[in-house]
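Inspection log for the structure reproduced underneath, given as structure tokens.
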Amino acid sequence: MPVSSSSLRNRNGPPKRRVRAVCLKSFKSLEREPDSGLFRHNLRDFDMGRQDMRKAVALLVTTLILLIPHGSPPVGSAAGGSPAGGLPAGTTRPAFRLGNEVLYARYHHLIEGKKVGLITNQSGVNSKGQSTIDVLANDPLIRLTALYGPEHGIDGKSGAGAYVESYTHPTLNIPVYSLYGATRMPTEAMLRDVDVLLYDVQDIGARTYTYISTLNYAMKAARQYGKPIIVLDRPNPLGGETVEGPVLEDQFKTFVGVDNLPMAHGMTIGELARFFNREIGADLTVVPMEGYTRDMIYQDTGLPWIPTSPNIQDIDSVFGYMATGLGEGTGIHQADRFKWIGGKGIDAERFAEMLRAAGLPGVNFIPEVIGAEGGVRLQITDYRKFNPAKTGLHALAYARQLTDFKVPKSGSTPSSVVMFDKVMGTNRVGQWLEQKLPPQEMESRYAEELAAFRQRRRQYLIYGYLGSADRIGVIVNNVPIFFDSEPYIDANNRTMVPLRAIAEALGAQVQWDPRSRTVTITKGGSTVKLTIGSKTAEVNGRRKSMDTVPVIKQDRTMVPLRYVGEFLGASVDWDGASRTVTVNQQN
């Protein structure tokens with residue numbers, strides 16, 4: 001299930017024929033059964049002379065190395081708190097795989113025979129630590145023609161904000177274009193020798209971390225110059241449930257705040273790409289992770305943390321980034337790689353007392369003086385409950401009460417916007433600090449816009465949850481699916497799911513005829529027609545009986561999952577103990 005460039009879920013009733021052509025193009029590329037086998041596809045479509053046979057064997061060996069099972073990761077043991085998902089006893093979490101591994105397991109046809117450009121850095125590795133650069137460079141069925149590096153460079157060693165030069169790769173002899181130098185958006189010349197653009201960079205879940213801005217700009221360039229872009233998805237280290245802070249306002253859009261997101265957005269890089277694409281319209285495909293759920297944090301993947309930039313060396317720096325690094329220009333700053341926050345004039349003991357009294361979950365505050373500055377060191381006790389952005393806003397509010405620091409102010413022109421407001425995505429936080437509002441009052445003032453964002457982002461989410469006592473989980477090809485309307489079991493004991501979401505997960509197209517109240521689902525050579533309120537389906541022109549009916553519920557077309565999946569050639573299995581439906585597309 002590479003995910004297409006925009007949501008296909010109808011937000012205002014039954015499915016409508018309003019899908020952009022770029023979506024249809026993405027779906028067309030999915031008409032091949034993803035599980036039909038990379039190897040059969042290769043052997044069928046290539047003239048197998050000696051040279052081609054050697055290439056196929058080399059690819060077979062490369063792929064087998066990539067796909068050697070690495071075991072299910074330990075869940076929750078290092079993170080504090082309960083394991084992700086609160087799994088029922090005996091429930092098995094699907095094995096976790098990164099998007100760059102799923103590309104080779106299921107979707108290699110997306111890049112076969114093409115000239116590939118790769119946006120990446122040192123974080124772009126698979127679960128075995130193999131660089132995506134090396135994997136692509138050693139793939140005989142594609143040609144890696146260009147590399148692109150974000151802020152800090154392709155090796156992640158340049159300092160924050162430092163200009164990075166382009167150069168020629170010393171061993172691959174291909175250009176390494178800097179997207180944090182003379183330009184931050186790929187130019188036409190940079191994309192000239194590329195058929196498809198790949199993105200594989202680890203994010204940290206914060207709006208101000210510029211790797212997501214590089215993705216946004218690359219998508220715009222791909223749209224402008226007619227290049228498809230494929231995002232190889234990676235975890236949001238903070239998880240998919242922490243969404244916090246004021247939502248960025250349009251006048252504060254910059255490279256440190258590229259879109260209307262809160263400080264913590266709770267989305268993976270692939271989900272962000274889908275969100276960005278609501279306005280960009282690029283030919284976008286997201287290759288999803290397998291075995292990833294919204295309630296997972298990075299520790300649940302079982303992967304070691306690869307430093308993403310010079311100051312984000314470990315997972316505590318990731319979680320401390322927004323908690324300690326929001327005070328740009330105020331004199332309140334981070335230290336020890338986002339593990340301490342303080343400044344001149346702060347009474348460390350009093351600061352710690354105020355923060356502890358706020359009842360912020362998952363963290364303790366240890367008073368610590370560094371030189372002439374007082375502050376606190378974060379001691380994260382429960383990574384699942386800890387809310388970095390909320391903690392950071394509380395810290396600034398209390399520091400303002402203790403020191404009366406000068407709040408940076410923007411001017412009236414775009415060029416006079418101060419970095420503090422760019423980081424906040426608004427000038428309102430500065431105003432609230434000047435008024436010495438308590439942090440709880442600040443939260444109440446952005447609560448409505450944050451709730452609206454939570455609702456708006458739902459149509460771009462990919463990953464859902466495993467089944468539990470109060471939730472039905474649906475896993476398609478090892479990807480737990482997100483539904484913006486919860487699946488349920490109807491009176492006929494059938495699991496009902498939103499049509500658009502399950503069709504997208506299966507790589508199918510959907511059309512809605514409002515006159516006959518009929519939905520038509522097409523995938524490859526299969527066509528399924530379902531009528532609202534009818535137990536009769538039409539499958540490839542033949543009438544089939546069902547023991548339940550599709551319905552419209554809360555503006556969503558809900559369909560029986562087993563029938564839809566099996567009509568489209570998938571196997572569908574129900575596990576009552578875990579309340580999980582597993583759907584696998586057959587060869």
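Just so it is clear, none of the values below were taken in a lab; they were calculated from the coordinates. All figures in this text were calculated on a predicted structure; none of them were measured in a lab. Here the Cβ is made from the backbone with ideal geometry for all residues, glycine too, and neighbour counts use every protein chain on show.
At a glance:
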item: Subset of 344/409; 227/253; 114/253; 523/544 violating a 27 Å alpha-carbon distance limit; result: 114/253
item: Simple label model, 7 Å out from Cα along Cβ direction - residue 138 to residue 251, nm; result: 5.4
item: Two-site label geometry, residue 490 and residue 353: point separation in nm, points 7 Å out along Cα→Cβ; result: 6.3
item: Separation of the residue 364 and residue 409 label points, Cα + 7 Å toward Cβ, nm; result: 4.2
item: Unsatisfied cross-links (Cα-Cα over 20 Å) in the set 406/436; 339/390; 128/385; 385/422; result: 128/385; 385/422
item: R0 of 25 Å, Cβ-Cβ distance residue 448-residue 385: FRET efficiency to nearest 0.05; result: 0.60
item: In region 91-141, trypsin sites (Lys or Arg not before Pro) in a DSSP loop with at most 13 other beta-carbon atoms within 10 Å; result: 128
item: Potential extension, residue 515-residue 224 segment - 0.36 nm per residue separation minus Cα distance; result: 100.9 nm
item: Loop sites in region 234-323: trypsin sites (Lys or Arg not before Pro), DSSP, at most 12 other Cβ within 10 Å; result: none
item: Histogram of C-alpha separations across region 473-585, 10 Å bin width, %; result: 14, 52, 31, 3, 0
item: Paramagnetic reach from residue 372 (point 7 Å along Cα→Cβ, amide N under 19 Å) across region 303-340; result: 329-335
item: Alpha-carbon centroids, region 289-323 and region 230-268: separation in whole Å; result: 15
item: FRET efficiency for residue 195 and residue 428, using Cβ-Cβ distance with R0 set to 41 Å, rounded to 0.05; result: 0.35
item: Theoretical FRET efficiency, 1/(1+(r/R0)^6), r = Cβ-Cβ of residue 436 and residue 542, R0 56 Å, to 0.05; result: 0.20
item: Segment residue 173-residue 187, extension gain: residue separation times 0.36 nm, minus the distance between their alpha carbons; result: 3.1 nm
item: Centre separation in Å (Cα based) which lies between region 366-421 and region 552-587; result: 47
